Amino acid sequence: MAEFDIPPSNIDLMQDTILRGGIAFPNRYSVSVMLPPALSNPNSTEQKQLNIRCENAAIVGRAFSTLQYRFYGPARNIPYESIYSGEIQISFLLSGYLQEREYFETWMNKMCNKDDYKFRYYDEYVGSMVVTVIGRDEVPTYSILLEEVCPKLIGEISLGYDKNDEAMRQDITLSYRKYSINKIELPAPPPYTPPPPQDWKAPGPQPYEAPKIYPPESPQDFQIGQGSRSIIG
């Protein structure tokens with residue numbers, strides 16, 4: 001059995017790793033959904049508005065399919081295939097004219113003809129999507145590129161007279177084939193400098209020190225009502 005040292009619990013070391021490496025926050029991100037080049041792209045203003053109004057997204061995951069192999073004893077799980085979730089759901093805060101919904105409606109209409117229900121070739125309607133995590137200093141820290149993206153579901157929007165103070169939101173489910181990590185050059189963290197050792201002493205009784213009394217240089221007369229007093233050494 002391999003031997004290893006268990007590092008001691010050190011709150012100073014934990015604080016140092018947080019100060020040097022920081023903390024990622026889920027509310028600091030950007031999303032960019034791009035139509036395929038074969039289709040007409042919206043202008044930059046609409047694209048920027050779409051990205052800003054994306055209020056919910058996700059960093060997708062991946063896995064391996066495995067087969068159990070047993071020669072003797074406990075079985076081993078042998079991976080043989082990469083698996084991606086294949087779907088990602090994002091949500092948009094809708095503008096007054098529902099332009100964000102229309103963006104994906106246009107995309108789906110160009111995937112499938114509304115008259116004869118014939119689909120285009122696959123390469124003609126798949127686009128891409130980039131999800132980026134941003135630090136507190138507005139510098140990107142992590143980014144993934146979803147490849148072969150296309151809309152799969154435009155969710156329904158619930159309406160009602162009791163929703164007077166609610167904003168309309170649109171859920172979109174996108175299908176994708178795989179994702180890759182966009183390389184981001186990050187500055188190297190400073191080397192760790194351990195704090196200087198401090199001598200620790202057990203608390204104990206402190207020696208008693210008598211109060212010091214200093215006699216005045218000259219007495220002063222005490223007069224009632226005058227706010228003065230006589231101090232005699």
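Checked against the criterion of being part of a loop (DSSP other than H, G, I, E, B), in contact with a Cys (Cβ under 7 Å, 6 or more places away or on another chain) and open to solvent by less than 30 Å² (accessible area, probe 1.4 Å), the stretch 116-130 contains one or more residues that satisfy it.
Take I184 and tell me if it is surrounded by 15 or more Cβ atoms within 10 Å (Cβ to Cβ) and either within 28 Å of the chain's Cα centre (by Cα) or modelled with pLDDT of 95 or more (or both). Answer is no for this residue.
When restricted to residues that are in a loop (DSSP other than H, G, I, E, B) and under 14 Å from L50 (Cα atoms), the stretch 90-115 contains 5. Summed over the stretch 125-159, residues that are among the small types (G, A, S) and closer than 26 Å to P36 by Cα total 4.
Per the listing P26, P74, the residue uniquely open to solvent by 90 Å² or more (accessible area, probe 1.4 Å), modelled with pLDDT of 85 or more and under 26 Å from the mean Cα position of the chain (by Cα) is P26. Set side by side, the residues Q89, Q68 differ, and just one is more than 29 Å from V139 (Cα to Cα) and modelled with pLDDT of 80 or more, which is Q68. Inside the stretch 40-71, residues that are of a type outside the set (V, I, T), assigned to a strand (DSSP E or B) and either open to solvent by less than 80 Å² (accessible area, probe 1.4 Å) or in contact with a helix residue (DSSP H, G or I) (Cβ under 9 Å, 6 or more places away or on another chain) (or both) make up a count of 4. Here R169 meets each of (1) open to solvent by 40 Å² or more (accessible area, probe 1.4 Å); (2) free of Cβ contacts under 8 Å to residues at least 40 places away in the same chain; (3) not aromatic (F, W, Y) with one exception, condition (2). All of (1) closer than 18 Å to P36 by Cβ; (2) in a loop (DSSP other than H, G, I, E, B) hold for K163 with one exception: (1). In the stretch 84-98, the count of residues that are within 25 Å of I181 (Cβ to Cβ), exposed (fewer than 15 other Cβ atoms within 10 Å of the Cβ) and without any contact (Cβ under 8 Å) to a residue 40 or more places away in the chain is one or more.
The values are calculated or read from the model by the stated rules, or taken from the named source; none is laboratory data. Keep in mind that what you see is a predicted model, and the values were worked out from it rather than measured. Cβ atoms come from the backbone with ideal geometry, glycine included; neighbour counts cover every protein chain shown. Ligands, DNA and RNA are excluded from the accessible area calculation, which covers all protein heavy atoms including side chains. Shrake-Rupley method; radii C 1.70, N 1.55, O 1.52, S 1.80 Å.
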